[in-house]
Each structure stands twice: as C-alpha cells, then as structure tokens.
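Note sheet for the following structure.
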Amino acid sequence: LIYEQIINVINKSSKIAVTSHVVPDGDNVGSSLALCHALKKLSKHVTYLIDDNIPEVYKFLKGAREVERLSSFADLDYDLVIAMDCGDLERLGKVKQLAEKTRLINIDHHISNTKFGEINLVEENASATAEIAYKLIKSMGIFIDKDIAECIYTGIVTDTGMFQYSNTSQETHSIAAELIIAGVAPADIFNKIYQNSPKEKVLLMKEALQSLEFHFNDKVSCIAISKEQIDNIAKEDLDTEGIVNMARDIANIEVAVFLKEKEANVVKASLRSKSYVDVCAIAKGFGGGGHIRAAGCTISGSLEQVKMQILQALQKQI
Ligand code: 5GP
Ligand code: MN
C-alpha cells in the first residue's frame, strides 16, 4: 500500500528533487541516481540535489559527474522531494531548506529513522536503500537498464560490505542476481569501488593505523586521525570510508571506533560492532544514529576527550 501511495504522489508531481545525506556513501549515491534515472523514463523533470560533493570513487555511475553542488537550496521550487537513505532531516544539510517547504517522501532503512516525511517508506530489514529503490522502480513498471542496475548494485555492495554483513538476506542476493541479468558485471564494479583507492587514501590509512589502541580486554579498538594529519597528506577532500574496518576486522574485537577530527573541537565518530553491542544506541546518545552494527555521530571536543566519552558510553554494553 505504501508503495502505491508513493507511486500516486510521484504520478501527480512533475518536478521532483531526489536527495540524500551529507558525506554521501555508495548507498545514497546509488539509490538516488537509480531513482533519478527511473523517474526520467517517466518524463519527469528530476534533479539529484545534495549538499556535498560526490566522492570520486562513485563518479563512474551514470549521472554522478553531472551532479552540481549548489550553495543554497532555499529558493528552489519543486513539487516533490524524495529523501533517500537519510535517517533524519538534519542529515540533509542545507537541502533541509527545500525539504521543509515541499511535499516530502522519506525512503530509508535506518533503524534510527525519525519518519520525517509525509510518507515514510522505512524498511529496517532492507540491506540498503538501493534494495528498496529496486522494489519501488520495479513496482512502477519501469525497465531496469544497465545504468540503473549498476547504481542499485553499488548501493547494495557498499552497504552490505560486499555481502558480508548480517543485513545480507536471500532477497539481497536475488536482487543482485536480477541486476547481473540486467547487465551488471560484478568484477567490474568491485574493481572500480575497491581496487581503485587514491594513493593518498592508503597513506592516510597508514597514518591512521599508527594510532590503533585496544581497550576493555581487547574487545574495543580505536583509530583516530587529526585534521592536521589529514591536511598533511592530501589537499583535496579524501573519503575516509573503510578506515574503521581495519580496526573492526581483528579477532575478538566487538566494537571498532574511528575518530576523525573535522575541525578544531569537532570530531566525527564512526562505530562498528560485530555481534552484540548496539552502536546505534551509543551514537544516538550523542545525537547521531545509523544501524545496530554501523552508526555514527559528530561530537564536540578534542580527539582525546571524544574518545574518553565514547569509551565511557561503551563500558555499559561491553
Ligand atoms: P559512518 O560511520 O560510515 O559515517 O556511518 C555509519 C552509519 O551511520 C551510516 O548508515 C550513516 O548513515 C549513519 N550515520 C553516520 N553519522 C550519522 C549521524 O550523524 N546521524 C545519523 N542519524 N546517522 C549517522
Ligand atoms: Mn544505506
């Protein structure tokens, strides 16, 4: 029924903005672009709006290179905004200015989703928002061509950590199989996403790994990197996705913490768990959110202060 409601609103709208959260990852770029391409086939006027730059690694997806970053969204005029993969309205950054004054559909899979839309299609069991996008596009009767399939496949592959996390279901693999039938070449996508890091990113990983620490009987690992360290390695914006995995993928570790100093006294934390700690609850305690096994938040304080706060919050669960 909710799919029908969404299709109904889409049918009534001609100018549609698809959007997602700041610091975009493969699922929000993939699910958003897939929906944009699909809606274009319905002759809608569609724009992908995001208050950030698209990471270089996802630029191979059709349409990703053409995304323009606007400085303000307040004066735009759309019939409908569709937020993809976004847990709350704040995560939209400045696109919030447009979202607040426009009909808003919220399509997501975060357990922490605040249901901020007029219609909320939140499927917590979906491995990726791209999986929901696939089902929506199919139920609209739109043909899934190779370009759309690659966008959806990228969303699924990145959010499941290449099909390794517990959110990977039989349905995830069935959809992946359908996407291969539609023309996706898995090895090509894996190569573009995972065997294509800029040298600077690996140097950043090397630098970050120097800070690796263990706590609580080696059940918690922590990596931290300062703004100065980042600036010394790269001039341009480097994505730091995956750095937390180095700390997580160690035997006996239950929780991995990655701290990145964004500016003086502003630290972005990424949290990952393996089997029993609910890191979404921890992140929510600091105003963030995410999933039970992967969550994040931004905390004010120095790297050392933020680390202490997070370790303290973890102590009760570990
Ligand atoms: P990451 O640690 O890779 O930034 O994010 C892990 C997961 O937590 C992703 O699903 C992401 O959307 C979510 N997340 C990260 N930071 C925040 C935040 O500040 N607020 C909310 N609501 N979710 C976040
Ligand atoms: Mn996602």
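The 3J(HN,Hα) values that the Karplus relation (6.51, -1.76, 1.60; θ = phi - 60°) gives for the stretch 32-44 are, in residue order, 5, 5, 4, 5, 4, 4, 5, 5, 5, 5, 8, 6, 7 Hz. Gly and Pro appear as x.
Quick one: check the C-alpha center-to-center distance for the stretch 109-154 versus the stretch 261-279, whole angstrom. Their Cα centres are 26 Å away from one another. The accessible-area ordering, largest first, of the residues Y153, Y3 stands as Y3, Y153, per a 1.4 angstrom probe.
Considering only protein heavy atoms, with the full assembly of protein chains and a 1.4 angstrom probe, order H109, H37 by accessible area, largest first.
Details: H109 5, H37 25 Å².
Solvent-accessible surface, decreasing: H37, H109.
Distance between the C-alpha centres of the stretch 227-256 and the stretch 27-70: 26 Å, rounded to the whole angstrom. With the alpha-carbon atoms of the stretch 1-129 aligned to their principal axes, the span from lowest to highest coordinate is 37, 31, 27 Å, starting with the largest.
For GluC sites (Glu not before Pro), the sites in the stretch 193-267 that DSSP calls loop and that have at most 13 other Cβ atoms within 10 Å are E236.
Angle of helix 199-209 to the longest C-alpha principal axis of the chain, folded into 0 to 90 degrees and rounded to 10: 40°.
Note on the stretch 101-167: Kirkwood hydrodynamic radius from all Cα pairs is 12.8 Å, rounded to one decimal.
Which chymotrypsin sites (Phe, Trp or Tyr not before Pro) from the stretch 72-149 combine a DSSP loop assignment with at most 16 other Cβ atoms within 10 Å? List each step's numbers first, then the result.
Details: sites: F73, Y78, F116, Y134, F143; in loops: F73, Y78, F116, F143.
Here the sparse-neighbourhood loop sites are F143.
Computed from Cα positions, the angle between helix 170-181 and the longest principal axis of the chain comes to roughly 60 degrees. For the stretch 275-284, backbone phi angles converted through the Karplus equation (6.51, -1.76, 1.60; θ = phi - 60°) give residue-by-residue couplings of 9, 9, 7, 8, 6, 5, 4, 5, 4, 4 Hz, Gly and Pro being listed as x.
Using the C-alpha gyration tensor of the chain, what are the square roots of 5 times its eigenvalues, in whole angstrom, with the largest one first? Don't skip to the end; give the middle numbers.
Details: eigenvalues 208, 87, 76 Å².
That gives 32, 21, 19 Å for the three semi-axes.
Proximity of backbone amide H atoms, modeled 1.01 Å from N, is registered between I144 and no other residue at under 5 Å, excluding neighbours fewer than 5 places apart on the same chain.
Would you kindly state how much longer the chain becomes between S43 and A177 on full extension, computed as 0.36 nm times their sequence separation minus their alpha carbon distance, in nm to one decimal? Please report the intermediate quantities before stating the final value.
Details: separation 134, 0.36 × 134 = 48.24 nm, distance 2.80 nm.
Residue separation times 0.36 nm, minus the Cα-Cα distance, leaves 45.4 nm.
Computed from backbone phi, the HN-Hα couplings of the stretch 114-129 come to 8, 6, 7, x, 6, 10, 10, 9, 10, 10, 5, 8, 5, 5, 8, 4 Hz, rounded to whole numbers (Karplus: 6.51 cos²θ - 1.76 cosθ + 1.60, θ = phi - 60°; Gly and Pro given as x).
When the pairs K62/K307; K219/K284; K192/K260; K40/K227 are compared against a 29 Å limit on Cα-Cα distance, K62/K307; K40/K227 fall above it. Taking a point 7 Å out from the Cα of D218 in the direction of its Cβ, the residues of the stretch 234-254 whose backbone N falls within less than 16 Å of it are 247-254.
Assuming 1.306 mPa s and 10 °C, estimate D for the stretch 269-318 with Stokes-Einstein, Rh taken as the Kirkwood radius over Cα pairs, in µm²/s. Walk me through the numbers on the way to the answer.
Working: Rh = 10.6 Å.
So the translational diffusion coefficient is about 149 µm²/s.
Along its principal axes, the stretch 187-314 has C-alpha extents of 36, 36, 26 angstrom, given from the largest down.
Counting only protein heavy atoms, what percent of the accessible surface of the chain is carbon or sulfur at a 1.4 Å probe?
48
How big is the dipole moment of the stretch 146-209 about its Cα centre under a simple scheme where the beta carbon of each Lys and Arg is +1, that of each Asp and Glu is -1, and everything else is neutral? Debye, nearest 20, please. Each step should come with its number before you reach the end.
Details: 5 positive and 8 negative charges, 57 e Å.
That gives a dipole near 280 debye.
If the chain linking K62 and Q309 were pulled fully straight, counting 0.36 nm for each residue of separation and taking away their Cα-Cα distance, it would gain 84.8 nm.
Computed from label points 7 Å out along Cα-Cβ, the spacing between A234 and L203 is 1.1 nm. Amide H contacts under 5 Å for Y48: V18, restricted to partners 5 or more places along the chain or on a different chain, H placed in the peptide plane at 1.01 Å from N. Sparse packing (at most 15 other Cβ atoms within 10 Å of the Cβ) combined with a DSSP loop state is found for the following chymotrypsin sites (Phe, Trp or Tyr not before Pro) in the stretch 201-304: F216, Y276.
The values are calculated or read from the model by the stated rules, or taken from the named source; none is laboratory data. Quantities reported herein were computed from a predicted structural model and do not represent experimental measurements. Cβ coordinates were reconstructed from backbone atoms using ideal geometry, including for glycine residues, and neighbour counts include every protein chain displayed. What goes into the accessible areas is simple: the full protein's heavy atoms, side chains included, and nothing from ligands, DNA or RNA. Shrake-Rupley method; radii C 1.70, N 1.55, O 1.52, S 1.80 Å.
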